[in-house]
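Notes follow once the structure below has been shown.
The values are calculated or read from the model by the stated rules, or taken from the named source; none is laboratory data. None of the values given here were measured: they were computed from a predicted structure. We place every Cβ from the backbone using ideal geometry, glycine too, and count neighbours over all the protein chains shown. Please note that ligands, DNA and RNA were not included when accessible areas were found on the heavy atoms of the full protein model with its side chains. Shrake-Rupley method; radii C 1.70, N 1.55, O 1.52, S 1.80 Å.
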Amino acid sequence: MSQTFGESLSATLRAAAQAYAIGDQVAPCAVLWVDPERQWESLVPELQPMLPELFTLGSYAPEQRRGPALWLRCIEARVVAGAPPNGCAPIFYLPGVSQEKLRVAEDCPPELTPLVELQYRGMMWLHASGKEWTPYSFLVSKQDGLGLDVAKNQATRDALLGALPSLMTEQLSYLQGRRLDSEFFNGLVAPDATGLLLRWLTDPETFKQRRSDAEWKAFCGECKADFRFDPSSEGPLEAARQLASRGASWNLVWKRFAESPATYPGVVEWLKRAAPKKPTMFDSAEVWPTLNEREERELQQALESLVDSPQDEVIGRVNELEAQHASRRSYPWQKIGLSPFATALEPLAQLASLCGITPGAPTADAYGAFYASDGWRADAAALDTMAACEALEHHGAVLATIRAVYLPWLESTSRQLQQLVSNDQISISKRAKPIATTPGRIILFADGLRMDVAQKLAKKLAGAALECTQDWQWSTIPSVTATAKPAMSPIADKVEGGQTGEDFSTRLTSTGQTLTQDRFLNVLEGLGWQYLRASEIGDASLPAWTEGGTIDRRGHNEGWKLALSVEAEVRELCSRISALLRGGWNEVIVVTDHGWLLIPDGLEKVELKHFLAVNRWGRCAVLRAGAQTDLPTYKWQWNAEVAISTPPGAGCFRASTEYSHGGISLQEMVIPVLRVTAVASKGGLASIAEAKWTGARCRILVSGEYSGTRVDVRRESSDATSSLLADRQTREITDDGRVTVFLEDDSDIGKQAVIVLLDTSGQVIDALQTRIGD
């Protein structure tokens, strides 16, 4: 299911606190949400249950998370009760305050002066234009907003402000692909007995206090008529029991709750109170959160019991647990973080399946090609499982299971590649010449862009309507930046190796000087390449080099927790690439220097005597002249007389190292090359132009740029499992924009449904309401 409007707004506000360059900037101390016209004010009470870190400027009422400017400063300083934990930036909603009021300190009203300093240590939530966000601009903006189609007249803007609280629970998939005007927003404000009942059950006392006697009586009357339930006499406990029963009209209430449980947090607590003391076989964890909690504890214990078990036993048991618990991911509790182990189990089961067999190949090139096409999926599953481990209590069970499944596979595949490379080190020479200077071409260097992360980036780029072709390249020996970066750059034929020192650096052929970043850029410019800083677009008539991403830095600093930041890194790279193409560049070539190994609790320690090495990193070392060792030894990329030793398999010369690179493994050595261009749109955005039913058959015509799109007929537009088509498989649009689909069941004729148009990533891009058979 897609996000609701409220969930999307919450995520956007939280993301504002993460919009800084780690390593170069400090995290903002607070997010200032300025609203000079108080347009968002009616939404804040509805938003606060979803954002515990949200506080409002106003009269002192700490129980409502509201107070004057000085109190907000105390919240930021964590010196009063109710402040968010360290690491979580508070969000301060400032109704009636503009950014100009805060920025001109001399003219700032005295009651706001405590907040002036926060604009320098924190950040304001502003549109890219520098203006304050309004509800209307947030809905229509395609840059950091929702990109919805909203009418521009004043009547629509007025209706939108009145409908904001009602808009909170609306699915974005419902809002997308339709014209939102005053009639639509006014319709949201019309009486909705189902939504009102859930809001009452979320907080019965507050709900009643906010309504007049007449409104309360009207609400109770609606409940009696629609649900045969009287809130005033039967109370929330009975309502929770009826909700869990899902009988008759209560089934609609349950569906509404299950679509967006985060919107109704109090309902969960009432369901816990109403849960049966002695559950029977007919009581389900789908409706009782207490039963789901019990199954979560059982799953945690089962995973913890696998520590130190052989890999094959762990894989078998993980598959059994997945079969037992997979269905719980479709329960509402998963959406609000109450099923963390069931959530982590999905990628963990994928990892177990992929690591059950160790692939091989006759040559290094064949092994590299396998990894570039399919082998990376095991790393992606491991990374996704780690990313699901956000809470401390999840670490022991899940991370230990990852290690038990994944490390033996890493060890085996790494040893196989090392053997192939030892047989013929020439086989991993560079597969392509240095990239030529071409007007309109820019190279984006992303340090440490491993193959599985590059696949995430490629998928993100496709979703942004960009065309991405993928290839792969060998990294260098050792696979570290100082050795590999120049080899992947246009200056590869301008450097050479000497006697490598502490950092495996090369030197300029022309001068013999050690290659530094400044000298690297000087040589680039001498070859006709521009160098662009992170925010620069440059002159697209000349070739250019730019750098982005902090994956490698994060990995060395954060270890396995790098997995928690990968999605943010991918978003930033996608945003940078999109901006470059919008700025006039014809092609963005994404290159990297190396991949990496990542394993919770550290790679296995391998001993290398200090006196044998000139220098020793985690996954590589330079041997002294004449030194002898049984460890794998290879020639340095830039000087064959220099011997490089690496740990066998997935070992490491340093203890307790979770993230490392420099050695010989598929993950470190097989690196991606992406070529990204903008897709030329000939006919505008794809849309459903026509649908004609003949019984259970429907002929559909699609207009616009429909290449690669597919169609489905569903009961609910955003729910793929509600497909009504035969075999429930989407159908691809033909070259002439037409497709014919057939229903699974003729009994659906006469029922309401929705025809959806899907892009290449499966996202709904257009929808058409229809009556089957008409």
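Solvent exposure of the chain, expressed per residue, is 45 Å² of accessible area, with all protein chains present and a 1.4 angstrom probe.
Our note on the geometry: Cα centres of region 375-431 and region 234-296, 41 Å apart.
Across region 418-525, the volume of the C-alpha convex hull divided among the residues equals 140 Å³ per residue.
Magnitude of the charge dipole for region 200-350, about its Cα centre and with charges confined to Cβ atoms of Lys, Arg (+1) and Asp, Glu (-1), is about 700 debye. Here the chain is treated with +1 on each Lys and Arg Cβ and -1 on each Asp and Glu Cβ, and its dipole about the Cα centre works out to around 320 debye. Projected label points at residue 272 and residue 503, each 7 Å from Cα along the beta carbon direction, are separated by 5.3 nanometres. Rounded to 0.05, the FRET efficiency of the residue 740 and residue 320 pair, given R0 = 35 Å and the Cβ-Cβ distance, is 0.25.
Once Lys and Arg get +1 and Asp and Glu get -1 on their Cβ, which of 175, 216, 151 lies farthest toward the positive end of the dipole of region 67-219? The residue sitting most towards the positive pole is 175.
Please sort by residue number the GluC sites (Glu not before Pro) in region 37-84 whose DSSP state is loop and whose Cβ has at most 12 other Cβ atoms within 10 Å. Walk me through the numbers before you get to the answer.
Values: sites: 37, 41, 46, 53, 63, 76; in loops: 37, 53.
Answer in residue order: 37.
For a Förster distance of 51 Å, can you work out the FRET efficiency between the beta-carbons of residue 571 and residue 694, rounded to the nearest 0.05? So the FRET efficiency works out to roughly 0.70. Based on Cα contacts under 8 Å between residues 6+ apart, the chain shows a relative contact order of 9 percent.
What does the C-alpha gyration tensor say about the overall shape of region 1-138? Classify as rounded when a/c is under 1.5, otherwise prolate if a/b is larger than b/c, or oblate.
Details: a/c = 1.16, a/b = 1.15, b/c = 1.01.
In terms of gyration-tensor shape, rounded.
Strictly over 28 Å apart at the Cα level, which of 142/459; 494/635; 272/561; 255/277; 460/561 would you flag in this model? Those over the limit are 272/561. Residues of region 93-137 falling in the label zone of residue 79, defined by backbone nitrogen less than 14 Å from a point 7 Å along Cα to beta-carbon, are 114-115.
With contributions of -39500 (n - 2.57) from each DSSP H run of at least four residues, the per-residue ellipticity at 222 nm computed over the chain stands at -11000 deg cm²/dmol. Using Cα atoms only, what is the angle between the long axis of helix 451-463 and the major principal axis of the chain, expressed in degrees (0 to 90) to the nearest 10? Approximately 40 degrees, to the nearest ten. Ordered from largest to smallest accessible area (heavy atoms of protein chains, 1.4 Å probe), the residues 314, 104 come out as 104, 314. Once the Cα-Cα distance is subtracted from the 0.36 nm per residue extended length, the residue 152 to residue 18 segment shows a gain of 45.1 nm. Surface calculation, 1.4 Å probe, protein heavy atoms: residue 604 sits at approximately 90 Å² accessible. With 0.36 nm allotted per residue and the present C-alpha distance subtracted, the residue 143-residue 675 stretch has 189.2 nm of extension available.
As an exercise, use a Förster radius of 56 Å and the Cβ-Cβ distance of residue 522 and residue 624 to find the FRET efficiency, rounded to the nearest 0.05.
Working: r = 33 Å, r/R0 = 0.59.
For R0 = 56 Å, the calculated efficiency reads 0.95.
So for the chain, taking the charge dipole from beta-carbon charges (+1 Lys/Arg, -1 Asp/Glu), which of 408, 656, 672 sits furthest toward the positive end? Positive-most Cα among the choices belongs to 672. Starting from the Cα gyration tensor of region 632-737, take the square roots of the eigenvalues, sort them a ≥ b ≥ c, and report rounded, prolate or oblate (rounded when a/c is under 1.5, otherwise prolate if a/b is larger than b/c, else oblate). Cα axes put region 632-737 in the prolate bin. Note on region 200-351: along the principal axes its Cα atoms extend 67, 28, 22 Å, ordered by decreasing extent. Rounded to the nearest 10 degrees, the inclination of helix 376-387 to the longest alpha-carbon principal axis of the chain is 50 degrees.
At 0.36 nm per residue, minus the direct Cα-Cα distance, what do residue 771 and residue 86 gain on full extension? Give it in nm, one decimal, please. Don't skip to the answer; put the middle values down first.
Numbers: separation 685, 0.36 × 685 = 246.60 nm, distance 5.35 nm.
Residue separation times 0.36 nm, minus the Cα-Cα distance, leaves 241.2 nm.
Across region 222-229, computed HN-Hα scalar couplings (Karplus, 6.51 cos²θ - 1.76 cosθ + 1.60, θ = phi - 60°) run 4, 5, 5, 6, 8, 10, 6, 9 Hz from first to last residue, x flagging Gly and Pro.
First check a/c for the chain, with a ≥ b ≥ c the square roots of the eigenvalues of its C-alpha gyration tensor; if it is under 1.5, answer rounded, and if not, answer prolate when a/b is larger than b/c or oblate otherwise. The shape class here is prolate. The mean sequence separation of alpha-carbon pairs under 8 Å and at least six residues apart, normalised by the residue count of region 526-589, gives a relative contact order of 28 percent.
With a cut-off of 17 Å on the backbone N, the residues of region 213-231 near the modelled label site 7 Å out from residue 255 along Cα-Cβ are 226-227. Rolling a 1.4 angstrom probe over the chain with all protein chains present gives an accessible area of which 49% lies on carbon and sulfur atoms. Using DSSP, restrict attention to beta bridges with both residues in region 1-113 and report what percent are antiparallel, rounded to the nearest 5. Taking every DSSP beta bridge with both residues in region 1-113, the antiparallel ones total about 10 percent.
Taking every protein chain into account, the 1.4 Å probe leaves residue 468 with about 30 Å² of accessible area, to the nearest ten.
Can you list the residues of region 515-536 with backbone N under 15 Å from a point 7 Å past the Cα of residue 437, pointing along Cα to Cβ? Taking a point 7 Å out along Cα→Cβ of residue 437, the residues of region 515-536 whose backbone N falls under 15 Å are 521-532. Note: relative contact order over region 433-550, using C-alpha pairs below 8 Å and six or more positions apart, is 36 percent.
What does the charge dipole of region 462-589 about its Cα centre add up to, to the nearest 20 debye, if the Cβ of each Lys and Arg holds +1 and the Cβ of each Asp and Glu holds -1? Before the final figure, lay out the partial values.
Numbers: 11 positive and 17 negative charges, 32 e Å.
For region 462-589, the charge dipole is close to 160 debye.
Which net charge results when you count Lys and Arg as +1 and Asp and Glu as -1 among the other residues whose beta-carbon is under 13 Å from that of residue 249? My count for the surroundings of residue 249 gives +3. Projecting the Cα atoms of 535, 546, 556 onto the dipole axis of region 525-565, where Lys and Arg carry +1 and Asp and Glu carry -1 at the beta carbon, places 556 farthest toward the positive end. Sorting the segments 733-739, 235-241 by their residues' average number of neighbouring beta-carbon atoms within 10 angstrom, most packed first, yields 235-241, 733-739.
Taking K and R as +1 and D and E as -1, what net charge do the other residues with C-beta under 13 Å from the C-beta of residue 394 add up to? Spell out each step's value before the answer.
Numbers: positive: 297, 561; negative: 296, 304, 390, 393.
Local net charge: -2.
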